[in-house]
Amino acid sequence: MRDRVPVVVQGSGRRVRRAGLAGVLWAAAELIVTVGVVVLLLVVHQVWWTNRQAAAAAQEQVQALERAWGEVSLPASVSDSPSPSASEPGAGDVPVPGPGGAGGAGAAAAATRAARPAAGPSERDRAYAVLRVPRLGLVVPVAQGVDKRAVLDKGYAGQYPGTAGPGAQGNFALAGHRNTHGEPFRYINRLRAGDELIVDVRGYRYTYVVGKILGETTERDTGVIAPVPRSVVKPDQGYSEPGAYITLTTCTPEYTSKYRLVVWGTLLKSS
């Protein structure tokens, strides 16, 4: 009986290798698609969902403030504002400059101190004022501090620590997100000289008018929030005389945090 001679089938090894390669490619494609879907969901969550959540919560906060203040009390006469005492809420908060400037800044300081929350850590991120920008249709609550998680990510505008209160001499300086988390300051680049910036604080209204805009500066340009705001990076930008100012700051260009966009205004009237 003759031995059988093994038969070598040409190309079988190639088919196996091709099948293995196809499997690897298919697995890689599935991985890429999965990663892409995850990234897309993260983008949707960050750009869309956080905006919805923060914007809705911010508007609820505005309504809560207005209910607490009582609609009939807005605006009231600044001249009728009571002087704060040590027992009043917020009497020991960030100092607000005393009398001076347009529209009774001493009473404005008193009203602001009384409206601010107590100095406890759990109270500092609570909104105490409302910023309205008619040109942009913007209505946003204002809280103390510029901490991202505690203030800015809630869709609030945050007051820089140590800056003046609404209506007072000095610089009432605010920060806000331009993109994501409610993005309240997204379109402040559209503001023009003469536009109104209105700040309501428990029965008192302070109307500022936009005067100057600094399209770009560094994040370390602390001069823009100084009592007399003036850029230290671009010294020809800003003011040189004491007054009652408001400053809005946000990131620029959009979807980056490389530079800062700054809008300045001066107090027009208090009521």
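The values are calculated or read from the model by the stated rules, or taken from the named source; none is laboratory data. Everything quoted here is computed from the prediction, not taken from an experiment. Here the Cβ is made from the backbone with ideal geometry for all residues, glycine too, and neighbour counts use every protein chain on show.
Could you tell me whether any residue of segment 189-200 is of a type in the set (Asp, Glu), under 22 Å from Arg149 (Cβ atoms) and touching a residue at least 60 places away in the same chain (Cβ under 8 Å)?
no
Looking at (1) modelled with pLDDT of 95 or more; (2) under 21 Å from Ala58 (Cβ atoms), find the lone condition where Arg126 falls short.
(1) is the only condition that Arg126 fails.
Answer yes or no as to whether Gly137 is within 20 Å of Trp264 (Cα to Cα) and either surrounded by fewer than 24 Cβ atoms within 10 Å (Cβ to Cβ) or more than 14 Å from the chain's Cα centre (by Cα) (or both).
yes
Among the residues of segment 181-197, write down those that are aliphatic (A, V, I, L, M) and buried (at least 23 other Cβ atoms within 10 Å of the Cβ).
Scanning segment 181-197 gives Ile188, Leu197.
Checking Lys269 against (1) charged (D, E, K, R); (2) assigned to a strand (DSSP E or B); (3) under 17 Å from Tyr160 (Cα atoms), which single condition isn't satisfied?
Unmet for Lys269, out of (1) charged (D, E, K, R); (2) assigned to a strand (DSSP E or B); (3) under 17 Å from Tyr160 (Cα atoms): (3).
Among the residues of segment 51-76 satisfying the criterion of being modelled with pLDDT under 80 and part of a helix (DSSP H, G or I), which is farthest from Tyr128 (Cα to Cα)?
Of everything passing the filter in segment 51-76, Val72 is farthest from Tyr128 (Cα to Cα).
Out of Gly165, Gly194, Gly158, I need the residue that is in contact with a helix residue (DSSP H, G or I) (Cβ under 6 Å, 6 or more places away or on another chain), of a type outside the set (D, E, K, R) and not in a strand (DSSP E or B). Which one?
Matching residue, one of Gly165, Gly194, Gly158: Gly165.
Name the one entry in Gly170, Gly215, Gly223 that is over 16 Å from the mean Cα position of the chain (by Cα), at pLDDT 95 or above and surrounded by 23 or more Cβ atoms within 10 Å (Cβ to Cβ). Steps first, answer last, please.
Values: Gly215 fails: surrounded by 23 or more Cβ atoms within 10 Å (Cβ to Cβ); Gly223 fails: surrounded by 23 or more Cβ atoms within 10 Å (Cβ to Cβ).
Going through Gly170, Gly215, Gly223 in turn, the sole match is Gly170.
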